[in-house]
4 protein chains.
Amino acid sequence: MTVSLADLNHMDAAAFAAAVGDVFELAPWVATAAQARRPYATVTDLHAAMMGAVRAAPREQQLAFVRNHPDLAGKAAVTEDSKREQASVGLDSLSQAELERFHRLNDAYKAKFGFPYMICVRRHTRDSILSEFERRLARDEATEFAQALQEVFYITRLRLAAKVTGEGLPQVNGRLSTHVLDTHAGRPAVGMAIELFEYAAARAHRIGGAVTNGDGRTDAPLIAGRPLPIGRYELRFAVGEHFRRRGVEAGDPPFLDIVPIRFAIAEPEGHYHVPLLCSPWSYSTYRGS
Amino acid sequence: MTVSLADLNHMDAAAFAAAVGDVFELAPWVATAAQARRPYATVTDLHAAMMGAVRAAPREQQLAFVRNHPDLAGKAAVTEDSKREQASVGLDSLSQAELERFHRLNDAYKAKFGFPYMICVRRHTRDSILSEFERRLARDEATEFAQALQEVFYITRLRLAAKVTGEGLPQVNGRLSTHVLDTHAGRPAVGMAIELFEYAAARAHRIGGAVTNGDGRTDAPLIAGRPLPIGRYELRFAVGEHFRRRGVEAGDPPFLDIVPIRFAIAEPEGHYHVPLLCSPWSYSTYRGS
Amino acid sequence: MTVSLADLNHMDAAAFAAAVGDVFELAPWVATAAQARRPYATVTDLHAAMMGAVRAAPREQQLAFVRNHPDLAGKAAVTEDSKREQASVGLDSLSQAELERFHRLNDAYKAKFGFPYMICVRRHTRDSILSEFERRLARDEATEFAQALQEVFYITRLRLAAKVTGEGLPQVNGRLSTHVLDTHAGRPAVGMAIELFEYAAARAHRIGGAVTNGDGRTDAPLIAGRPLPIGRYELRFAVGEHFRRRGVEAGDPPFLDIVPIRFAIAEPEGHYHVPLLCSPWSYSTYRGS
Amino acid sequence: MTVSLADLNHMDAAAFAAAVGDVFELAPWVATAAQARRPYATVTDLHAAMMGAVRAAPREQQLAFVRNHPDLAGKAAVTEDSKREQASVGLDSLSQAELERFHRLNDAYKAKFGFPYMICVRRHTRDSILSEFERRLARDEATEFAQALQEVFYITRLRLAAKVTGEGLPQVNGRLSTHVLDTHAGRPAVGMAIELFEYAAARAHRIGGAVTNGDGRTDAPLIAGRPLPIGRYELRFAVGEHFRRRGVEAGDPPFLDIVPIRFAIAEPEGHYHVPLLCSPWSYSTYRGS
């Protein structure tokens, strides 16, 4: 169920709370503060007001708010949104060893900081959630509490962008695209199969695929309409098959067959254009725009 | 034990047979024919004479000669040279499933052609030995018998090049080399770790490694002093670590970390130069010379 | 003055002739034939009908039609359209030596073929008009007469596309674009000066320039909205200045300063994307799409 | 006439002075000081001792020494070595306007600093001699006097390296080389014509050329056996002709014909490897090693 920003600006306080009160989990006071400062020109402004309410709250209230959030790998994902977010990144199906590592990190984290490990899972892969966990555990409490709030803001920004329609939506989506140019023919490589893999626990898992169109691009971006999960990826291009179909001599077996491009995504809201320029004997790639 | 071409040109027939009689397995008549046509200006000429003796032999004798060779994966590798060659490529340690596939192919091959599958294993990887087996099984008998003799000639050329010293050694060795240029700094990438993998049964097995020297090269070629085994390989360059040490900002995690270059070798006696030109955000490679 | 295809489909014969009768110069019979076959679904169909009328005419009428066209470098450009077209490519300001070469070619051409050298000047540069002249003079009469009609069709297609609005306009325009990626920073190169030169008589003449925007592109294509003149070009990118502004050490003087990319356009209706990927120490370019 | 370091180490003072006394022009006291500190293990050591004698001299003597040197563009090049060096870079044939600019700079320089503009012309092009002149004129006296001595040391190092044979010759030579790889064929580009130009007064002057050999290289470096003159250069590769000979379709006119690579040399004693990787539709270059 979405609601328009125009409607939000005019509805009564109860309706407002019903509409967006669960964006900040178990913290109805955030919506209460935000509804008082209406109207908003943009959804981004509305989110800024909500974040402002959190930032302006006494430290005790902030802490209680953060503590209200469920453990990431916990048994008690208290809201449907939380459950969905955790499932999306595969945290609902951890191996026994992974679960134990998670719980060990969870226990150490809560023992050290007194609040749960907050992370916007939709901006992460399983691997980066784990590596961030270890890295953040080593920080001091002030830095880490600021990070916890920042993660809440990432999470709520995504929720708000999904719930509210209207002007000035916050930039929450990234884009991963590619393009294949055949430098032997001086033309886009048409009909080349591409697969996209995500690395998890040192293994590549296929998460997508496409075939290049007449312009050497894929009809849709490889990832779009969501944040790009921080993590390691590999694109695999069927270069050998492309030149075999074109009848170009390239050795037997061909010098290049499947060309892997391994790269990392660090900016979930960024645009990653990772093209391939290839002949049967050479190729290059780069982060484009 | 090596022998010089000069000595071979002057020794008596018995000594000649003792010195190079086992180059063509269980076929002393090849050496007999070759010793009668001495002297030879080059080792290549000597091998040509030996091949000529085989080519000039009646078909029955050629067939008997080929049939004298052991099954590739057989229980009866009759000479020490044969055993060593088969072990070198890992054929002495096939899995049960692989052995069964081998035996199945062996049986089908011998049933169809009436002679064993000949292949110069030092010019091949496990994968290419198997894929060639399937491919050659589909051929007609005349083509395949010519191929069998050609493989014997590859094998004996290698043996002769190892046994005889002197002028005009046949070209039996290939070379795989690399070079890393840092296009961000405009200098060779010094101290970059490189690993070389061979693909077998769809998995990459590490077969070598090196660290680039002051010129961005490896002190020794990655493979040299032997034929390059036909097959699929992957070089992995520690690009992320290189730029981290140089203090260059490249994202977190860095856009490029381990850069894999996957390629095939099709010419065992060729020179494969596979360099990497890289910045933190781009790279290219090519078959160089 | 433009006219819509819908209006053309419904106006009387006199109005139709007044509107598009001069598309085929001094040949009112072409419009007469075309108006009789109305209506047309697309402007391309209308042009096809006009071309069909020429192709269906007796050879004598075709020849008279071609002969009615003015000499390319002549004193007697009989229509305003002809004059404008010839001026656009610089043919109104030839040097004395060039004029003499033109007249020599003109005389030889007319002596050999009996009709003037037809060429769609908007699809050409001064250089290609001259080089085509020499090349076409060497051909046989049948080939050359077909080429003369083809050039008339290029010319009239452009005129029609400029005069008539509506559905199915013929593809008459090409596009030249560029893009600069800084592979040192992994970002588009912003604010880089680019100049475009056309080669004429072995010298480069500046015909355009731009500065890259925030996406490393130029706000408008370097050439668009017209056919790309067949010829030789050079893009010059101020790479040295870009890295100097970024504070990147690149030698003194810098290894790369102005980077010239010299290329030819052979397809006036094509899209030429000629990007530059550059670090202070390396660059690459390609015909993209 | 060369002399060996071994002989220099043992000859009497008069012979020593006769042999190397003119390395430092009109300053016999430098050789006198140097002969007293024999023997020298390397020619580099001998030059270091000579430089040490200059550095240890009173300021008045240093100044007199520098003042003894002829004006660069002067009428009075007092030694044969000086004359030869100035001619080598084209300073003996300046245009009237250039001569006037030179004299103007000379007068201003001497008026400001009280000694002539010293520059090791063999490490420079006409262009860099002029641009350095303007740049150095803007400096303070202490910086510039140190630079003047440094230039004398460059000059004398070259003279000594040419005169004395033996161990430990100073590194005075640079090297410019290239290599062309055809990425369409995956092989070196054989038989490709290359021309080398030096820029002077914004115009390119052809200073060399070569044709690639079977390895895609030139039989000899483009510049070697001397310092690389600091300046701007352009390599021009006949890429279009190469692919035309190979019968590769590349457009008419071909997209790439002459490919210019414009670059600067800033390190006269360095190695500049400037290769070209090209297909008919793409190319790249870099400063290699």
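The phi-based Karplus calculation (6.51 cos²θ - 1.76 cosθ + 1.60; θ = phi - 60°) puts the 3J(HN,Hα) values of segment C:213-219 at 8, x, 9, x, 10, 9, 4 Hz, whole numbers, x for Gly and Pro. Among A:41, A:189, A:31, the largest mean-square fluctuation in a Gaussian network model of chain A, built with springs joining Cα atoms closer than 10 Å, belongs to A:41. Between the beta carbons of residue A:220 and residue D:219, assuming R0 = 51 Å, the FRET efficiency works out to 0.45 to the nearest 0.05. When DSSP beta bridges are restricted to pairs lying wholly in chain B, around 80% turn out antiparallel. Residue of chain B with the Cβ closest to the rotation axis carrying B onto A, and that distance rounded to whole Å: B:284, 2. Working note: Karplus 6.51/-1.76/1.60 with θ = phi - 60° gives segment C:110-125 the couplings 5, 5, 6, 9, x, 9, x, 5, 8, 8, 7, 4, 5, 9, 9, 9 Hz, where Gly and Pro are set to x. Dividing the alpha-carbon radius of gyration of segment C:108-152 by the rule-of-thumb value 2.2 N^0.38 Å gives 1.06. Tabulate in residue order the Karplus-calculated ³J(HN,Hα) for segment B:41-57, using 6.51 cos²θ - 1.76 cosθ + 1.60 with θ = phi - 60°, rounded to whole Hz; enter x for Gly and Pro. Result, ordered by residue: 7, 9, 5, 4, 4, 4, 5, 4, 5, 5, 4, x, 4, 5, 5, 7, 6 Hz.
The rule of thumb for compact globular proteins, 2.2 N^0.38 Å, goes into the C-alpha radius of gyration of segment C:3-165 1.08 times.
The antiparallel fraction among DSSP beta bridges confined to segment A:174-285 stands at about 85%. Only DSSP H runs of four or more residues enter the estimate; each adds -39500 (n - 2.57), and after division by the residues of chain D the mean residue ellipticity at 222 nm equals -12500 deg cm²/dmol.
The same position residue B:193 in the other copies lies at 3.4, 4.7, 5.1 nm from this copy, comparing label points 7 Å beyond Cα toward the beta-carbon, shortest first.
The H on the amide N of residue C:231, modeled in the peptide plane, is under 5 Å from the matching H of C:265, each at least 5 residues off or on a different chain.
The share of C-alpha pairs in segment C:149-289 whose separation exceeds 18 Å stands at 59 percent. The modelled label-to-label distance for the pair residue D:12/residue B:60, using points 7 Å beyond Cα in the direction of Cβ, is 9.6 nm.
Across all C-alpha atoms in chain C, the radius of gyration and Dmax reach 22.8, 73 Å. Amide H contacts for residue D:272 (H built 1.01 Å from N in the peptide plane; partners 5 or more residues away or on another chain; cut-off under 5 Å): D:175, D:176, D:177. Inter-chain Cβ neighbour count for A:182-191, averaged per residue, equals 5 (cutoff 10 Å, partner chain atoms only). Working ranking of peptides D:214-224, D:54-64 by packing, defined as the average number of other Cβ atoms within 10 Å per residue, highest first, is D:214-224, D:54-64. Shown here are the Rg and Dmax of the Cα trace of the protein assembly as shown, at 38.3, 114 Å. Ranked from shortest, the separations from the 7 Å Cα-to-Cβ label point of residue A:219 to its equivalents in the other copies are 3.7, 5.6, 5.9 nm.
Between A and D, roughly 600 Å² of accessible area is buried in total, ligands, DNA and RNA not counted and the probe set to 1.4 Å. Scanning residues 5 or more positions from residue A:200 or on other chains, those with amide H under 5 Å from its amide H are A:205, with H placed 1.01 Å from N in the peptide plane.
Label point of residue A:28 (7 Å along Cα→beta-carbon): distances to the other copies' equivalent points are 8.8, 10.5, 10.8 nm, sorted ascending. If you take all other residues with their beta carbon under 11 Å from the beta carbon of residue A:289, and give Lys and Arg +1 and Asp and Glu -1, the sum is +2.
Per residue, the solvent-accessible area of the protein assembly as shown (1.4 Å probe, heavy atoms of protein chains only, all protein chains present) comes to 42 Å².
The values are calculated or read from the model by the stated rules, or taken from the named source; none is laboratory data. Keep in mind it's a predicted model, so treat the numbers as computed, not measured. Cβ sites come from the backbone with ideal geometry, for glycine too, and all protein chains shown count toward neighbours. Protein only, heavy atoms only, side chains kept; ligands, DNA and RNA dropped before computing areas. Shrake-Rupley method; radii C 1.70, N 1.55, O 1.52, S 1.80 Å.
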